[in-house]
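The values are calculated or read from the model by the stated rules, or taken from the named source; none is laboratory data. Small disclaimer: the values here were computed from a predicted structure and weren't measured. Don't worry about glycine lacking a Cβ; one is built from the backbone with ideal geometry, like all the others, and counts go over all protein chains shown. With ligands, DNA and RNA removed, areas are computed over all heavy atoms of the protein, side chains included. Shrake-Rupley method; radii C 1.70, N 1.55, O 1.52, S 1.80 Å.
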Amino acid sequence: MQTIAVPAASWDRIPVIIRFPEKLAMVETYGFSGNQGEVVLEGQHLLPRNCPSDTLFLLMHPTSTLQLLPIPAALAAAGIHVLCAGSRYAKNDSALIMEKVAYDLGAYIRYAKDELKYRKVVLVGWSGGGSLSLFYQAEAEAPMVTETPAGDPYDLTRADLTPADGVIFIAAHLSRAETLTEWLDPSVIEENDPDARDPEFDIYREGFRNGPPFSPDFVAAFRERQRQRNGRITSWAVDTLARLRERNDGERERAFVVHRTMCDVRWLDPTLDPNDRRPGWTYLGDPRIANSAPAGLARFSTLRSWLSQWSLTRSHVTAARNASRIRRTPVLQIENSADDAVPATHNPIVRDALGTADKEFVVIKGATHYYVGQPELLRECLEVIRDWSRRHGFAG
């Protein structure tokens, strides 16, 4: 893999450890972090040398740690102070609860302002961090969530979330729930048997005759079946949680596998929602392989986690709804035109939904999701961020 060269001597990586108590009836994290009544968060502060600043650019993804991506290093090399923040679910989203991730993000912002003494914090929502950033900022401006979608108490209205001073929405999709739904394999007819499939919608099957190219009627039916599949899993999760609660025998949660979750007609037919992406490819590689690979989206889940991060009808983290709730914060939105992870339809929806009057929308022509092998486009993105930051007082 080709990497982006940055002057490593111009900045330092400083570990960040944040601890806070949290006593709940049940925790989802394994080991010392979480189940001893204390949450431990780990991040990396990318601190430029001899470049003082009162502004910190904070990158957080629900499950990734982000510090190895090209953009944080490029920002730090340009003299921008960066914090890559890992949630309590870093690198393991099987039991992730989005409401708790939002609380973790708030802990980092408080740490940045109280301990690191930054006057301003700008959220940089990359990929899955985009919808998280919009959810957090909406709750910080006008909190309304008091429980998780599973009905467990988790009151963000009393969490004292500190609003960020700006938000950058970059290479980001609508939400985990909406993106997964558009990638669920609609040919699956039995959740516990991935070989039980409807051949009429099994687009990866050898000899499949309905496309590509795919007709509008087929695409409409395909999308409807994807929504129905998400709905069936959601209903099963709700019903199963209800049975566990009624039984009250100590079993509070249940894990399960979601088969075939990387199936989208757009990957095989570039005429659908066209952009500059590579046909027959995804950010996880060949979609036929990714569809059943262990690293597929939402492959391993729990009842509560499904409802919080993957359910189309239950999740609180939907970008358009939360974007409309942001009224006071400047937002820079950057779309990569060759993104092989974010569907082309998603960014215009967020742009049109944003409630703030101070919003800007920029397209980086030809840029892929990670900018790998595209140093010139990475520099273009960096200049967009620096120009916006200067005009909003985030540069020094």
**Study point:** Matching residues, the range 342-380, being under 19 Å from Val167 (Cβ atoms), open to solvent by 20 Å² or more (accessible area, probe 1.4 Å) and aliphatic (A, V, I, L, M)
**Key:** Ile349, Ala353, Ala357, Val362, Val363
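Considering the range 160-213 alone, what residues qualify as being part of a helix (DSSP H, G or I) and in contact with a helix residue (DSSP H, G or I) (Cβ under 7 Å, 6 or more places away or on another chain)? Please lay out each step first, then the result.
The initial filter retains those residues of the range 160-213 that are part of a helix (DSSP H, G or I), namely 176-181, 199-201.
Hits for the range 160-213 are Arg176, Ala177, Leu180, Thr181, Phe201.
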Review point. Right, Leu96: closer than 30 Å to Asp387 by Cβ, at pLDDT 95 or above and open to solvent by less than 10 Å² (accessible area, probe 1.4 Å) or not?
Key: no
Review point. Checking Glu383 against (1) touching a residue at least 24 places away in the same chain (Cβ under 8 Å); (2) surrounded by fewer than 22 Cβ atoms within 10 Å (Cβ to Cβ), which test does it fail?
Key: (1)
Check your understanding: Tell me, which residue of the range 171-210 that is within 19 Å of Ala221 (Cα to Cα) and of a type in the set (Lys, Arg) is least open to solvent (accessible area, probe 1.4 Å)?
Key -> Arg197
Exercise for review: Just give me the residues in the range 217-265 being farther than 26 Å from Asp198 by Cα and either within 21 Å of the chain's Cα centre (by Cα) or charged (D, E, K, R) (or both), in sequence order.
Suggested key: Arg243, Arg245, Glu246, Arg247, Asp249, Glu251, Arg252, Glu253, Arg254
Revision key, fill the gap. With criteria (1) within 22 Å of Glu182 (Cα to Cα); (2) aromatic (Phe, Trp, Tyr); (3) open to solvent by 30 Å² or more (accessible area, probe 1.4 Å), Trp310 comes up short on (3)
Exercise for review: Output the qualifying pairs, or none if there are none: Cβ atoms under 6 angstrom, residues six or more apart or on different chains, first residue in the range 59-88 and farther than 25 Å from Arg19 by Cα, second residue assigned to a loop (DSSP other than H, G, I, E, B) and open to solvent by less than 20 Å² (accessible area, probe 1.4 Å).
Suggested key: Pro70/Tyr371
Review point. Could you list, in sequence order, the residues of the range 189-213 that are farther than 26 Å from Pro279 by Cβ and in contact with a Lys or Arg (Cβ under 7 Å, 6 or more places away or on another chain)?
Key: Ile189
Review point. Checking Ser337 against (1) touching a strand residue (DSSP E or B) at 6+ places or on another chain (Cβ under 7 Å); (2) closer than 23 Å to Gln226 by Cα, which test does it fail?
Key: (2)
Revision key, fill the gap. Within the range 281-292, residues assigned to a loop (DSSP other than H, G, I, E, B) and open to solvent by less than 30 Å² (accessible area, probe 1.4 Å) come out as Asn291
Practice item. Show the residue pairs that are 6+ apart or on different chains and have beta-carbon atoms under 8 Å apart, the first residue being within the range 222-234 and at negative phi, the second being open to solvent by 10 Å² or more (accessible area, probe 1.4 Å) and of a type in the set (Lys, Arg). Key: Thr234/Arg314
Exercise for review: May I ask you to list the residues in the range 265-287 that are charged (D, E, K, R) and more than 22 Å from Pro216 (Cα to Cα)?
Suggested key: Asp286
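Being closer than 26 Å to Leu241 by Cα, part of a helix (DSSP H, G or I) and open to solvent by 20 Å² or more (accessible area, probe 1.4 Å): is that true of Thr157 here? Step through it out loud before you land on a result.
Values: closer than 26 Å to Leu241 by Cα: yes; part of a helix (DSSP H, G or I): yes; open to solvent by 20 Å² or more (accessible area, probe 1.4 Å): yes.
So Thr157 fits the description; yes.
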**Study point:** Conditions (1) in contact (Cβ under 8 Å) with a residue 40 or more places away in the chain; (2) of a type in the set (A, V, I, L, M); (3) more than 18 Å from Ser94 (Cα to Cα): number failed by Ala353
**Key:** (1)
Point to revise | Failed item, numbered, when Val27 is tested on (1) modelled with pLDDT under 95; (2) under 24 Å from Glu99 (Cβ atoms); (3) surrounded by 17 or more Cβ atoms within 10 Å (Cβ to Cβ); (4) under 21 Å from the mean Cα position of the chain (by Cα) | key: (4)
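Looking at Arg245, Arg260, Arg252 in this structure, which one is of a type in the set (Lys, Arg), assigned to a loop (DSSP other than H, G, I, E, B) and surrounded by fewer than 19 Cβ atoms within 10 Å (Cβ to Cβ)?
Numbers: Arg245 fails: assigned to a loop (DSSP other than H, G, I, E, B); Arg260 fails: surrounded by fewer than 19 Cβ atoms within 10 Å (Cβ to Cβ).
Testing whether each residue is of a type in the set (Lys, Arg), assigned to a loop (DSSP other than H, G, I, E, B) and surrounded by fewer than 19 Cβ atoms within 10 Å (Cβ to Cβ) leaves just Arg252.
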Check your understanding: Which ones in the range 298-307 are surrounded by fewer than 20 Cβ atoms within 10 Å (Cβ to Cβ) and either part of a loop (DSSP other than H, G, I, E, B) or at positive phi (or both)?
Key -> Arg299
Practice item. Answer with yes or no whether Arg321 is within 25 Å of Arg227 (Cβ to Cβ), open to solvent by 30 Å² or more (accessible area, probe 1.4 Å), of a type outside the set (S, T, N, Q) and under 20 Å from the mean Cα position of the chain (by Cα). Key: yes
Review point. Taking the range 117-141 on its own, how many of its residues are open to solvent by 10 Å² or more (accessible area, probe 1.4 Å) and part of a helix (DSSP H, G or I)?
Key: 2
Check your understanding: How about the range 43-73: which of its residues are within 18 Å of the chain's Cα centre (by Cα) and outside any loop (DSSP other than H, G, I, E, B)?
Key -> Gly43, Phe57, Leu58, Leu59, Met60, Pro70, Ile71, Pro72
